[in-house]
1. Evaluated at 4 °C with a viscosity of 1.567 mPa s, what Stokes-Einstein diffusion coefficient in µm²/s does segment 171-260 have when Rh comes from the Kirkwood expression over alpha-carbon pairs?
2. Give the longest segment of the chain that steers clear of GluC sites (Glu not before Pro) in DSSP loops with at most 11 neighbouring Cβ atoms within 10 Å, not counting the sites themselves.
3. Cross-link candidates for K92: which aspartates and glutamates have Cα within less than 19 Å, leaving aside residues fewer than 8 places away along the same chain?
4. Return the aspartates and glutamates within reach of K146: Cα separation strictly under 19 angstrom, same-chain partners fewer than 8 residues apart disregarded; answer none if there are no such residues.
5. Hey, fewest Cβ within 10 Å first, where do M194, M330, M310 land in order?
6. A 25 angstrom limit on the alpha carbon distance is what I want to check against. Which of K256/K317; K83/K131; K182/K230; K179/K317; K83/K242 exceed it?
7. Skipping prolines and chain starts, which residues have an amide H placed within reach, meaning under 5 Å, of the one on S62, given they are 5 or more residues away or on another chain?
8. How would V57, V178, V244 line up from fewest to most surrounding beta-carbon atoms within 10 angstrom?
Amino acid sequence: MNIFTKLIEYHKKSMKRIFASIVIISSITSVHLLGAKDYSGYYLNLPCPVEQVRPVVIPEYSVSITEFGAEEGGEKLCTEAFKTAIKHLTDKGGGHLIVPDGVWLSGPIRLRSNIDLHLASGATLRFSPNKELYVQKNDTLRDGSKKCYALIYGSHCENVSITGSGTIDGQGIYWRPVKSEKVSKEQWDEIQTMGGVVVANGKNKIWYPFNLKKESGIPNIASDAVTQEKMRPHLINITDAKNVLIEDVHLLNSPKFHLVPTRVENLIVDGVHIRCPHWAQNGDAMDPGNVQVALIVNCNIACGDDGICMKGGVGDKGVKAGPQRDFLIMRDTVYHAHGGFVIGS
């Protein structure tokens, strides 16, 4: 019995209610794919049966974000252009929203069914550091403070994809606290040039991006630094969905976790690159929760917290959400993380 089979048997016994049929393969030398949407080759000769993912199909119709008033350059906010373009595609039955080469500034983007957000190789989708753009009006955290939308989010949708080899930059430095013991003196001094608040943390200190310098134009969204820190959003959060594909994109500098698919059925994450500083607080790369039938392959990660972290919810609520099952994770490289593959955190 090899180490991977032992791992599977162990988790079958100890976590059967939450995690099932999770296979991690460090290297495969004979994977032959028949086409870009045929993943069957990954499922050959596995140590246990794993349900295969199904291709995510998007209608062929496509439009460019420039057709809806978006301007390249990274200065003009393109949030409304994305909203209008996605509504247009929805009215047409779905399709591809092309983000061409250049830098595009936006607030939160909501994906809907049958939509592909496609970033050209020279495109950077940069999210505004203005926290007010992300505050939800009607939803709150357990302590009563307001919640923020993820930078890209979608719920109760199906056939959704984010593709292309472009970059999505969350500008997390404007959201994340920084612990003094995690950075050099030079980095610590440079961070404080932004303004912010420094508080004691035992023998060390924590910097919060609260009360940033006025010239930054970034207002606070809470009455104190700690409350504002709790409101940090994820970069991509897709919930209660079916048939989700994240392919080839570069995800950088999330305010919190980078990719958070939750209660998703049929998930494919292929060739995704995720980067943030090693000191990025809660800088997880991927945190799939209660996901059923998934393939995570060919990804490249260097992050500030967990690499690929499997989650199953908390208590009865987690059990009710269903198990994390039929995962195949292979040919991924984690250069830096608190743990390359983690179960719970």
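1. Values: Rh = 14.8 Å.
Answer, rounded: 87 µm²/s.
2. Working: sites that count: E60, E75.
Maximal segment without exposed cleavage sites: 76-345.
3. Counting by Cα, and skipping residues close in sequence, K92 has these aspartates and glutamates nearby: E60, E67, E80, D116, E158.
4. Once the sequence-local aspartates and glutamates are set aside, what remains near K146 is E132, D224, E229.
5. Values: M194 14, M330 18, M310 25.
Placing the least packed residue first, the sequence is M194, M330, M310.
6. On the way: K256/K317 23 Å; K83/K131 18 Å; K182/K230 20 Å; K179/K317 32 Å; K83/K242 21 Å.
Beyond 25 Å between Cα atoms: K179/K317.
7. Placed amide hydrogens put H96 under 5 Å from S62.
8. On the way: V57 14, V178 23, V244 26.
Ranking V57, V178, V244 by Cβ neighbours within 10 Å, fewest first, gives V57, V178, V244.
Rule-based calculations on the coordinates, nothing more; no lab input. All of these numbers come straight from a predicted model, not from anything done at the bench. Glycine also receives a Cβ, built like all others from the backbone with ideal geometry; neighbour counts cover every protein chain displayed.
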